[in-house]
Structure formats: C-alpha cells, structure tokens
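Encoded as structure tokens, the structure appears first; notes follow it.
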Amino acid sequence: MSPKLTAQEIVDFSSKYTFFSWSVQSAVNPIPIVKGKGVYFWDANGKRYLDFSSQLMNLNIGHQHPKVVKAIQDQAGVLAYAHPSMATEPRGLAGKKISEVAPGNLNKSFLCLGGAEANENAIKFARFYTGRNKILARYRSYHGATYGAIALTGDYRRLAVEPAMPGTVHFLDPYCYRCPFGWTRATCHRECITHVEEIIQYEGPDKIAAIIMEGVTGSNGLIVPPDDYWPRVREICNKYGVLLISDEVMSGWGRTGKWFAVDNWNVVPDIITTAKGITAGYVPLGAVIVSDAIAEFFDDKMLWAGLTYSAHPLSCAAAVATIEVYQEDGLIENASRLGKYLGNRLEEIKQKHASVGDVRYIGLFSALELVKNRESKEMIDPLTDIQKVLRAEGLFTFNFHNILFVVPPLCITEAQLEEGLKIVEKALEQTTDKMVG
C-alpha cells in the first residue's frame, strides 16, 4: 500500500498535530517511516535503514513477520475486542504460553498494555501481598513515565515531574565502568551489593514491600551486573521477606540470549514485569507475571486492579504468535550465538577506536560508551554528529547521553550485523575519534 501523503507531509502533519515524546517539539526531525521487513525499514522517499535499535528494543522478531501479522488479522476478523471480565481463547493461550517460558513458579499473569502499566500494577501486587509500603529501585533505571512508574525511575526524567508516587527509595548501581563506590574491577568487593542491605536496614525491613530492578539496565546505559549480583540480591530479599521484581520490559524475550535476563544467573524473582518483546511491539501488551504464592493470595482476596484493555484479544493473539516465532525460528538461540560474535567485534572496535571507553554486551543487548579521554572518562555528549553520519549511511539506532546502543532484531544474520558495525566504525572515525585528546 502506497502512502497517501508525501514524506514532507507525513513529517509536517505528525509534528503539527501530535506530540513526540521526550523532545523539545520544535527540534524533532523524525524519519517518515512507511514500511519494514526483517531488520530493515524504509522511509517515504524509498531510503532503506538497518534497524540497530529494534525500533526501541521491542521489535525482537523483526519487522512484519507474516505469522504475527496473520494472527492479528485473523483475530480482528472474528473478535476485535472483549470486556476484560470475559474469557477468550487468545487470553487463555497467551497466559499459558507465558507460564511455559517464565522461570520457576511464575505461572499467572495480569495482562495490561505496556511496561509502565505493568510496573504500576506490580507495585499494587507487592503492596497488597506484603502489607508494606516502600519500594526500592536503582538510580540508573527507567521503569516508565506514569505516576508510579516514574517514581520508580531513577534517572533525570523523574525530576521534571516530581512530586511523584510516595514510598520509593533509590540505591546505587553495579556500574563497574564508573563505580559509584570508587573501586576498579580489580579491587571490587561488591559494595554495590552490601549497599543494598544497608539501605534496607536504614529504611526498615518491615516497611519494604519489594526491590525492583531491570534484569539488565537498558536505556540508562546497558549495565550488565556482575555474575553474583542477582543471586546475592535474591538472598538479601529472602532474608528480609522483601519481594524481588525483575523489570524485563527491555531485557526479556530473548534479548540477552535467554528468555529473560534473570535466566542468565538462574534467579527466580517473585514478580516479572514485561512488555515490548512479548508481541515484538506489533500490538501493545504488557504483563505482570507472579509466583504461585502471590497468585494464591488473591484466590480469596480482592485484586484492586483493572484496565479496559486488559487481556485485549488482538494483543493476546499477537503474543501467542510471537512466542511461537521465538521458538520456531530459533531466535533466542540466534541471539546467544550472534551475541558472542557481537561481543568479540565490540572488543575489537574498542581497541581500534580511541573514543570508545567501554563496551558492554550480553546476547544482542549491547552498547558503546564514548569518551574524550579514557583516563578521565570525560563523556562525549551529545552524540549529534555521529547520529547524523549513521542516519546518512542508512543505520538507525539511539543513544543515551554518551552511550550508543547496538540492539538489532534477534533475526539478524552475521552479515547484516557486520554491515551495521562497519557503519558504526565509519561514523566513529569521522566524528568522535577526532574529539579524543
């Protein structure tokens, strides 16, 4: 189907009549995207882009997978909407599919429409179940932009909209490259972990309902924790009767080479929140996946939570098909296999390009941290020039301050991955490498 508007009309109408998120509106310069296929998408002028951001880390199966498109079309043909109190076939099948791939005894889901809604409702579940109020979250985190989710969020986006939901306490992160406790990898003694227990003691263990953490920190810099981090935080939560929530909105659904990021460390949280890759973004869907103990708690107690679009038939049908695509197309295995290749290539790029201070990666979840000086670690921020080169060369990705993300769809091939990495290297040579002093 050909677009009805020209490329400029698409941009003009979108800018005049709609708001773009996280933007000064007069400064936006959007790509007028009209179609996609696999790891590529095209603008209205016919220019092709390699998608190195999976749009926003959700399009894990790639653009326009025919199985998921057909599932949405077929469901729309028979039942496009149902009251949230209704039982539907796609709802039942989606819940069953989620329980089959979730870790441990996480078998029941509250279905919503996105990551922020999932985190909002996870707060409710945790507070109802424990009878406690406080929620602990990390500073370098993003959990959504709604009232409760933005309170959980630790980064600067929270500050502009405060006061937000009360009862949230933040703690420091396992950011090894810029250790907040002043250690190096050689001298590290995991103060990032003992610090968590200290905060719990200060805040009152009997007051804390849950700790929420991203499985692997996503948009705040792709921070991969040390291997003992999640297991030891799990032990601390067990010690004090605090629930452990893993926000797998970005890091779930094969992104790290496992179904969920916590699977890399064999940790079973009490609650997983997720969205994005559950339908690969084709239709909005989120989920709060809870343990059997939490699910049983509500067998004879009211669950004070509800949404008009909870368990939406189109969303659930898309989820069933998407999970089957992960399984049938071997995408999680591909993410694990190509993740090793990507990690090696990023290490090579770091050695070759002086502006690359650090690279971090797990599966097809990776980023380069760009600096002016490796000793001082002074950031190159903003990355306006490098983004211009990437876009001109037909590669689309995003950055957070000085951190450039490489997070392609899980269906990418080694050749396509190399195609993109060569463009990244070209952009580094033309821009940030020249800024190193």
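Before moving on, here are some points about what is shown:
- Output for the range 163-180, where each listed residue is over 30 Å from V371 (Cα atoms), aliphatic (A, V, I, L, M) and in contact with a strand residue (DSSP E or B) (Cβ under 8 Å, 6 or more places away or on another chain): V169
- Test: G357 is outside any loop (DSSP other than H, G, I, E, B) and within 30 Å of A94 (Cα to Cα): no
Each row is one residue, and each column tells you yes or no for (1) without any contact (Cβ under 8 Å) to a residue 40 or more places away in the chain; (2) among the aliphatic types (A, V, I, L, M); (3) touching a Phe, Trp or Tyr at 6+ places or on another chain (Cβ under 8 Å).
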| residue | (1), (2), (3) |
| --- | --- |
| I150 | yes, yes, no |
| L159 | yes, yes, no |
| P205 | yes, no, yes |
| I211 | no, yes, no |
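- Which numbered condition E375 misses (of (1) in contact with a helix residue (DSSP H, G or I) (Cβ under 6 Å, 6 or more places away or on another chain); (2) charged (D, E, K, R); (3) outside any helix (DSSP H, G or I)): (1)
- Close pairs from the range 73-84: first closer than 18 Å to L307 by Cα and in a loop (DSSP other than H, G, I, E, B), partner of a type in the set (V, I, T) and at pLDDT 95 or above, Cβ under 8 Å, at least 6 apart: A82/T88; P84/T308
- Meets criteria (touching a strand residue (DSSP E or B) at 6+ places or on another chain (Cβ under 7 Å) and at pLDDT 95 or above) for T274: yes
- Condition check for N29 on (1) exposed (fewer than 12 other Cβ atoms within 10 Å of the Cβ); (2) assigned to a helix (DSSP H, G or I); (3) not β-branched (V, I, T): one failure, at (2).
- Filtered residue count, the range 360-387, keeping only those that are hydrophobic (A, V, I, L, M, F, W, C) and over 20 Å from D51 (Cβ atoms): 4
- S14 within 30 Å of D155 (Cβ to Cβ) and within 25 Å of the chain's Cα centre (by Cα): no
- Pairs are defined by a Cβ separation below 8 Å, a sequence spacing of at least 6 or placement on different chains, a first member in the range 96-116 that is in contact (Cβ under 8 Å) with a residue 24 or more places away in the chain and more than 15 Å from K258 (Cβ to Cβ), and a second member that is of a type in the set (D, E, K, R) and assigned to a helix (DSSP H, G or I); the pairs so defined are K97/E324; N105/D292; N107/D292; K108/D292; L111/R91; G115/K276.
- Filtered residue count, the range 102-124, keeping only those that are of a type outside the set (G, A, S), within 28 Å of Q327 (Cβ to Cβ) and part of a helix (DSSP H, G or I): 3
- Pick from the range 163-174, criterion surrounded by 15 or more Cβ atoms within 10 Å (Cβ to Cβ) and farther than 13 Å from R190 by Cβ, ranking: farthest from the chain's Cα centre (by Cα): G167
- Residue in the range 241-257 that is part of a helix (DSSP H, G or I) and in contact (Cβ under 8 Å) with a residue 24 or more places away in the chain present: no
- For the range 258-270, a residue qualifies if it is among the polar types (S, T, N, Q) and either touching a residue at least 40 places away in the same chain (Cβ under 8 Å) or in a helix (DSSP H, G or I) (or both), and exactly one does: N264.
- The range 389-437 - residue that is of a type in the set (S, T, N, Q) and either over 29 Å from G330 (Cα atoms) or in a helix (DSSP H, G or I) (or both) and, of those, farthest from the chain's Cα centre (by Cα): Q430
- Among the candidates N344, N334, the residue that is modelled with pLDDT of 95 or more, within 21 Å of V101 (Cα to Cα) and either under 21 Å from the mean Cα position of the chain (by Cα) or not in a strand (DSSP E or B) (or both) is uniquely N334.
- Residue that is nearest to the chain's Cα centre (by Cα) [pool: residues in the range 214-250 that are closer than 19 Å to A275 by Cα and among the aliphatic types (A, V, I, L, M)]: M250
- Note on the range 19-42: residues that are out of contact with any helix residue (DSSP H, G or I) (no Cβ under 7 Å at 6 or more places or on another chain) and within 23 Å of Q416 (Cα to Cα) total 10.
The values are calculated or read from the model by the stated rules, or taken from the named source; none is laboratory data. In this text the structure is predicted, and so the values were computed from the model without any measurement. So basically every Cβ, Gly included, is an ideal-geometry build from the backbone, and we count neighbours across all protein chains shown.
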